[in-house]
Amino acid sequence: MQKTLIASAMSLTLMTGQALATPIPGGDARTFAMGGTGTASAHPMAATMMNPALMALPQPESRDKFGLALHFQANVAYDDDLIDDIDTFQNSQVWNDLDQAISSFNSLNNGSPTPAQITNALDQVIAAGNEADRLLTQIDREALRANLNGAFALAIPRQGLSFGFFADTGIEVSGIARYEDSALISGILNTATQIRNGSLPNSTDLSTLNTTPQSNGEALALAVTEVGVALAMPVQIAGQPVYVGVSPKVLSIRTFDYKADVNSFDDADFDAGTYEKNTSTFNLDAGVAHQYGENKDLTVGFTVKNLIPKDVETIGGKKVSIDPIARLGVALNRATYTLTGDLELTKTKRAGFEGDKQYLRLGAEWAPLSWFALRGGMAHNLASDNAESTVIASNTLYTAGIGLSAAGIGLDLTGAVSDNDVGGSLQLSAVY
């Protein structure tokens, strides 16, 4: 099921015919390797998505040119046994076994059963009930979460008006299983046990099961397509250059919402046309940056992504909000190293059964050679994570990566890990 959930979500991406953008700020392999920072430290191509104002900053000769990049990123967190545990429950037919055992016992009250028949019928109810409870407890709150991102960016930094183009691709998909029949099964087991030990009369009827379990599996995916242009330029304020940028863009927001009881949950039933809703809208990102120090090696940046709030509703009635995300960043840039940090000033509220997110991000880059860079960082969630399962909780993500370049061609690789996640990214770029 893990692979199918992700594949189903990716189908939303492919059906748009355009690139998608995650509601989390995008970037490139370099910014990802540095903990997802970039508000004050992104290079021009990533700046189109992170903070457009940075395109207008004075650039070293190696970056003061036409550049383009293609970036892919993914990270996933999941219970290894989720698919096997749901399959085990379905293959066991234990829900039907318990239903039949209850019906068989209750039917004895229509006749004159022997004590042995009553005991045998109760033993079958208790055995089937315990097995159903065991299997459903096993899958309760087992979950998965996957984030898939891809981006294409083009930037032309200039001394006057800098401009760029971006098509940022992202998708968030999560799934969870829930045990919602605990009270019913516990009640049946308690009643059957009391009848068997004589605390209740043999004529007591057991509660019947629902036709289908209340326990369920659910999958939710959110895909946001954004394609836009980025514009930046310096303006003079009190005799000092302040760099400003805007990124007008078109968004296509798609949601995928599937829910079924655990007996009938089937990843083969996933049909994006049946469980999908989509809408399109216009939005805007904006940012500013200023450099301090004698050598202008300290940069402070501020950006707001998605200035126009937008709420959408899934086919299952869940509200998903695309709200403004404000970030403040600072970066110290020296000849061979960069130290940077970003703070998200706004909280991204939970969608479905994921938790709230508000990150503090720290990153560093060491580039002792013109063709080699070593990077590392971390992103820590400051929000009170109220995820429905600890497996999909967002805590602290640690990142590391390298950058290689020759003759204007760049290759960047990044890996990421947390208590729950594992991920990575790959980027190819060219500067002319």
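The values are calculated or read from the model by the stated rules, or taken from the named source; none is laboratory data. Model, not experiment: these values are computed from the prediction. Ideal geometry is used to build each Cβ from the backbone, glycine not excepted, and the neighbour counts take in all protein chains shown.
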Which residue out of A387, A379 is surrounded by 17 or more Cβ atoms within 10 Å (Cβ to Cβ), aliphatic (A, V, I, L, M) and outside any strand (DSSP E or B)? A387
Among the residues of the stretch 43-54, which ones are outside any helix (DSSP H, G or I) and either farther than 13 Å from R327 by Cα or of a type in the set (S, T, Y) (or both)? H43
Taking the stretch 224-258 and keeping only residues that are under 22 Å from the mean Cα position of the chain (by Cα) and surrounded by fewer than 16 Cβ atoms within 10 Å (Cβ to Cβ), one is left with V250
How about the stretch 375-410: which of its residues are of a type in the set (A, V, I, L, M) and touching a Gly at 6+ places or on another chain (Cβ under 8 Å)? M378, A379, A383, A387, I392, A393, L397, A400, L404
Just one of S199, S203, S174, S207 is over 30 Å from L108 (Cα atoms) and either among the hydroxyl-bearing types (S, T, Y) or in a loop (DSSP other than H, G, I, E, B) (or both); which is it? S174
Of all residues in the stretch 411-425, which are surrounded by fewer than 16 Cβ atoms within 10 Å (Cβ to Cβ) and either more than 21 Å from R145 (Cβ to Cβ) or among the charged types (D, E, K, R) (or both)? L411, D419
So, of the residues in the stretch 326-359 that are buried (at least 16 other Cβ atoms within 10 Å of the Cβ), among the β-branched types (V, I, T) and farther than 21 Å from T314 by Cβ, which turns out to be nearest to the chain's Cα centre (by Cα)? T340
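What strands (runs of 3 or more DSSP E) completely inside the stretch 229-315 contain at least 3 residues that are over 30 Å from R178 (Cβ atoms)?
Per the criteria, 240-261, 276-292, 298-305.
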Just to check your reading of the model, which residue among L200, L189 is farther than 30 Å from I86 by Cα and either out of contact with any Lys or Arg (no Cβ under 9 Å at 6 or more places or on another chain) or in contact (Cβ under 8 Å) with a residue 12 or more places away in the chain (or both)? L200
Of all residues in the stretch 285-342, which are farther than 30 Å from T255 by Cα and of a type in the set (D, E, K, R)? E294, K296, D297, R334
Looking only at the stretch 136-153, how many residues end up being surrounded by fewer than 21 Cβ atoms within 10 Å (Cβ to Cβ) and either in contact with a helix residue (DSSP H, G or I) (Cβ under 7 Å, 6 or more places away or on another chain) or aromatic (F, W, Y) (or both)? 2
Can A21 be described as within 22 Å of K357 (Cα to Cα), at pLDDT 50 or above, of a type in the set (A, V, I, L, M) and assigned to a loop (DSSP other than H, G, I, E, B)? no
Mind counting the residues in the stretch 411-428 that are more than 20 Å from G35 (Cβ to Cβ) and touching a residue at least 24 places away in the same chain (Cβ under 8 Å)? 1
Scope the stretch 266-297; condition closer than 27 Å to S321 by Cβ, surrounded by 14 or more Cβ atoms within 10 Å (Cβ to Cβ) and among the hydrophobic types (A, V, I, L, M, F, W, C); matching residues: F270, A272, L284, A286, V288
Tell me which of these A400 doesn't satisfy, since it passes every other one: (1) in contact (Cβ under 8 Å) with a residue 60 or more places away in the chain; (2) closer than 21 Å to A221 by Cα; (3) crowded, with 17+ Cβ neighbours inside 10 Å. (2)
How many of the residues in the stretch 390-411 are of a type in the set (S, T, Y) and part of a strand (DSSP E or B)? 4
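Quick check, is T208 out of contact with any Cys (no Cβ under 8 Å at 6 or more places or on another chain) and more than 24 Å from G287 (Cβ to Cβ)? Steps first, please.
Numbers: out of contact with any Cys (no Cβ under 8 Å at 6 or more places or on another chain): yes; more than 24 Å from G287 (Cβ to Cβ): yes.
For T208, the condition - out of contact with any Cys (no Cβ under 8 Å at 6 or more places or on another chain) and more than 24 Å from G287 (Cβ to Cβ) - is met.
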